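Following: one structure in structure tokens, then a few remarks.
The values are calculated or read from the model by the stated rules, or taken from the named source; none is laboratory data. Keep in mind it's a predicted model, so treat the numbers as computed, not measured. Methodologically, a virtual Cβ is constructed for each residue, glycine included, from the backbone with ideal geometry; neighbour enumeration extends over all protein chains shown. Note: accessible area is taken over every heavy atom of the protein model, side chains too, but ligands, DNA and RNA are not part of it. Shrake-Rupley method; radii C 1.70, N 1.55, O 1.52, S 1.80 Å.
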Amino acid sequence: MQFFDRLFQHRSVVRTLCLLPLILYLLFFQAISLNVNYVAYDDTHVLQIIEQWQKSANWHEKLDWLTVGFPEHRIVFTRSVVLISYGLTGHVNLKSLMMISNGLWIGQLGILFLIFQKIPSSSPSRSLPFAYFIPVCWILLCVHSFENIFWGTSSLGNFGLLFFVMMAGYFYATPSTLPRLFLALLFSLFATFTYGNGLVTFLIGGFLLVLMQRKKMAGITAGAFAATMLLYSLTRAHASPSGLDLTNPSSYGHALTCFLAFIGSSVNVDVYAPSNLAVWGSVAWGAVLLGGVLWLLLKALDLKNFGLKIRHFEVKVKMNEVQFFTLFLLLFICLTALGVVYKRAEGDGLIGMFKGRYRMYPTWLLVVGYLLLIHWLRDSKKWLLPSTIGLSVVFNLLILYYAVAPAVNNRRAAVVQEFNSMYNDDLLGLKMFDLTGEDFRQIQRLYQPNLFFETTPETAMPKEPFLLDSVYFKGDILTIDYHKDFIRPTRDFDDGAYIMLQSAKHTYMAAGTQRPLPLKTFIRRGWYWDKGFTASMHRASVAPGTYEILVLIRNNGQNKLFDTRRKITF
């Protein structure tokens, strides 16, 4: 332990360990991010605000389009950033929007550092060493929620919400003056009109002020909440999906399991292919983590005459600013989890709790737990600092290892979605979002994607066929497998295999997805990608007909089209 004590006394070592996760995060972002419509057609749908804004006859119509629900959320912040971006440049670069949203996520470190500075050392003569902030950096800057990192418009809502919530929580936890309270209320308002669950920050903040016995401030917060609710109710919203059946007693056990899986999903590192052990491990970890956080918070309660008659029983809250801040975040995480469970548990089941737009919340809970742990033990235990740094680094790197492959596969799927939407006006995905092919191409001109199949010519088709291992339907899913050769990206992550289905009237593309090799192979040999690829396409997404199956291999920035000498009928 003396070695670690001396090591972490060097400022250069501490600063390097704080900066390293940021460097990894930025490299991950730069390597995989792309100016394309990502995940379904959410980006396309949000970008419609530009045309709606331009065609509005007056400010009343403009504000109506700005605040209309998506479907039940008021994404005013997202639409405002889109409009400002278009107003400044004449177009919208989705990668630039990603940079703004990721900047907001990274910016949380500044708020957490302000809270960290309020944690006292075990020695009154000095403050807690800066080295204890290292695990916060490694935990927060993990890429567990990689979908949000690369999700142009929706990441503004998801990451923007959490930044505004954390800002509100900071000022609610430290409301020494009315101006600080007004800042808290302002960030609560921003959070509310960024995403729907931001509204609960008024209630949580008011609860904290009651615990602090600041009755006047609590009253002001209640008034601000009522005014915001009134403003919220004046905006249009689409119908919210039906929720959990609370009349069925068996729903409560399922709901509890989903709730714990939601808040404990930080242990589920392979999010797209979780084993049963990982799924139920998330449930167990959620229970342990929540129990530990509650225990650390309850230590701040002073129970007098416990067990005597109720009229003699007293509870005194002896929380400081750090504990109030962590309580604020904990309540927000739990209320959000309850909302997700109510809306999604019945339809999506336990697996639905691991979606990308939810995985920021268990990361927050890890940060909350760590802040409370060092607030309790401070620097009195020599083993605490090296242990938490080691665990947080391993956690971050493990998440990174398992995130690269699905993030790259999602990037390729986004490129494929652009292709299919551009060249198939009757595509099912467009119909589901009430779009025509011309609608899509018109919106696409706003963000002007740089697509490899438009900018890179194909070489002549080789005479030799590309021999696939299997082509088969499994239910309504066409699956194509190839297991022979390694297909490694060399120039950028557009490099890879793509399946082309070609008929007289239609041409569809499907991305070849790749799996990472086992972790031990990567450590031993430095190889990441497994052999071959798998591509799939739903029967409903393809117009009826007989299609030739071609394979486009993109390698080192060059496209090469192969004939497989196979056909498939839909």
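Looking only at the range 268-298, which residues are open to solvent by 40 Å² or more (accessible area, probe 1.4 Å) and under 30 Å from M319 (Cα atoms)? Hits for the range 268-298 are A284, W285, A287, V288, L294, W295, L298. Could you tell me whether the range 162-175 includes any residue that is surrounded by fewer than 23 Cβ atoms within 10 Å (Cβ to Cβ) and either basic (K, R) or closer than 15 Å to F225 by Cα (or both)? Scanning the range 162-175 turns up no residue that is surrounded by fewer than 23 Cβ atoms within 10 Å (Cβ to Cβ) and either basic (K, R) or closer than 15 Å to F225 by Cα (or both). Being hydroxyl-bearing (S, T, Y) and in contact with a helix residue (DSSP H, G or I) (Cβ under 9 Å, 6 or more places away or on another chain) is the filter; apply it to the range 436-459 and report the residue that is surrounded by the fewest Cβ atoms within 10 Å (Cβ to Cβ). Looking at the filtered set, the residue picked out is T436.
Residues to consider are P462, P489; find the one that is crowded, with 17+ Cβ neighbours inside 10 Å and part of a loop (DSSP other than H, G, I, E, B).
Values: P462 fails: crowded, with 17+ Cβ neighbours inside 10 Å.
Answer to the check: P489.
Would you confirm, using the coordinates I've provided, whether Y86 is out of contact with any Lys or Arg (no Cβ under 9 Å at 6 or more places or on another chain) and at negative phi? Answer is yes for this residue. Looking at the range 211-219, is at least one residue in contact with a strand residue (DSSP E or B) (Cβ under 6 Å, 6 or more places away or on another chain) and closer than 29 Å to M319 by Cα? Yes, the range 211-219 contains a residue that is in contact with a strand residue (DSSP E or B) (Cβ under 6 Å, 6 or more places away or on another chain) and closer than 29 Å to M319 by Cα.
Out of Q9, Q48, one residue alone is open to solvent by 70 Å² or more (accessible area, probe 1.4 Å), of a type outside the set (K, R) and farther than 20 Å from F146 by Cα. It is Q9. Residues in the range 536-546: is at least one closer than 23 Å to R411 by Cβ, open to solvent by 20 Å² or more (accessible area, probe 1.4 Å) and assigned to a loop (DSSP other than H, G, I, E, B)? The answer is no; no qualifying residue exists. Residues in the range 396-422 that are open to solvent by 40 Å² or more (accessible area, probe 1.4 Å) and either among the hydrophobic types (A, V, I, L, M, F, W, C) or touching a strand residue (DSSP E or B) at 6+ places or on another chain (Cβ under 6 Å) (or both): L397, L398, A413.
Of the residues D563, D481, the single one that is at pLDDT 95 or above, part of a strand (DSSP E or B) and among the charged types (D, E, K, R) is D481. Would the range 368-389 turn up any residue that is closer than 20 Å to V46 by Cβ, of a type in the set (A, V, I, L, M, F, W, C) and surrounded by fewer than 21 Cβ atoms within 10 Å (Cβ to Cβ)? Taking every residue of the range 368-389 in turn, none turns out to be closer than 20 Å to V46 by Cβ, of a type in the set (A, V, I, L, M, F, W, C) and surrounded by fewer than 21 Cβ atoms within 10 Å (Cβ to Cβ). Of all residue pairs spaced 6 or more apart or on separate chains, those with beta-carbon atoms under 8 Å, a first member in the range 425-447 that is in contact (Cβ under 8 Å) with a residue 24 or more places away in the chain and a second member that is assigned to a helix (DSSP H, G or I) and of a type in the set (F, W, Y) are L430/F440; L446/Y86.
Kindly state which helices (runs of 4 or more DSSP H) lie completely within the range 6-59 and contain at least 2 residues that are touching a residue at least 60 places away in the same chain (Cβ under 8 Å) and among the charged types (D, E, K, R). Let's see the steps before the verdict.
On the way: elements: 11-32, 42-47, 49-55.
In the range 6-59, the matching helices (runs of 4 or more DSSP H) lie at 42-47.
Taking the range 343-445 and the helices (runs of 4 or more DSSP H) fully enclosed by it, the elements with 1 or more residues that are among the small types (G, A, S), under 30 Å from T89 (Cβ atoms) and modelled with pLDDT under 95 are at 384-423, 428-432. Can you confirm whether the range 493-500 contains a residue that is open to solvent by 50 Å² or more (accessible area, probe 1.4 Å) and either in contact (Cβ under 8 Å) with a residue 12 or more places away in the chain or in a helix (DSSP H, G or I) (or both)? Scanning the range 493-500 turns up no residue that is open to solvent by 50 Å² or more (accessible area, probe 1.4 Å) and either in contact (Cβ under 8 Å) with a residue 12 or more places away in the chain or in a helix (DSSP H, G or I) (or both). Please verify whether K505 is within 22 Å of P406 (Cα to Cα), exposed (fewer than 15 other Cβ atoms within 10 Å of the Cβ) and not small (G, A, S), treating the condition exactly as stated. Taking the combined requirement at face value, the residue does not satisfy it.
Could you tell me whether any residue of the range 62-82 is assigned to a helix (DSSP H, G or I), over 27 Å from the mean Cα position of the chain (by Cα) and not acidic (D, E)? Write out each step before concluding.
The first filter runs over the range 62-82 and keeps only residues assigned to a helix (DSSP H, G or I), leaving 62-67, 76-82.
Then drop every residue that is not over 27 Å from the mean Cα position of the chain (by Cα), which leaves 62-64.
When the remaining residues are screened for being not acidic (D, E), the result is 62-63.
Within the range 62-82, one or more residues are assigned to a helix (DSSP H, G or I), over 27 Å from the mean Cα position of the chain (by Cα) and not acidic (D, E).
Going by what's in this entry, would K95 be described as under 23 Å from the mean Cα position of the chain (by Cα), surrounded by fewer than 24 Cβ atoms within 10 Å (Cβ to Cβ) and among the basic types (K, R)? Give the derivation first.
On the way: under 23 Å from the mean Cα position of the chain (by Cα): yes; surrounded by fewer than 24 Cβ atoms within 10 Å (Cβ to Cβ): yes; among the basic types (K, R): yes.
Answer is yes for this residue.
W151 meets each of the listed conditions (1) aromatic (F, W, Y); (2) in a helix (DSSP H, G or I); (3) within 17 Å of Y358 (Cβ to Cβ) apart from (2).
When residues in the range 188-199 are screened for being under 14 Å from T67 (Cβ atoms) and in contact (Cβ under 8 Å) with a residue 40 or more places away in the chain, 6 of them pass.
Go through the range 176-199 and count every residue that is open to solvent by 10 Å² or more (accessible area, probe 1.4 Å) and assigned to a helix (DSSP H, G or I).
If we filter the range 176-199 for residues that are open to solvent by 10 Å² or more (accessible area, probe 1.4 Å), which is where we start, we get 176-180, 182-183, 185-187, 189-190, 193, 195-197, 199.
Pick out the ones that are also assigned to a helix (DSSP H, G or I) and you get 178-180, 182-183, 185-187, 189-190, 196-197, 199.
Final tally of qualifying residues: 13.
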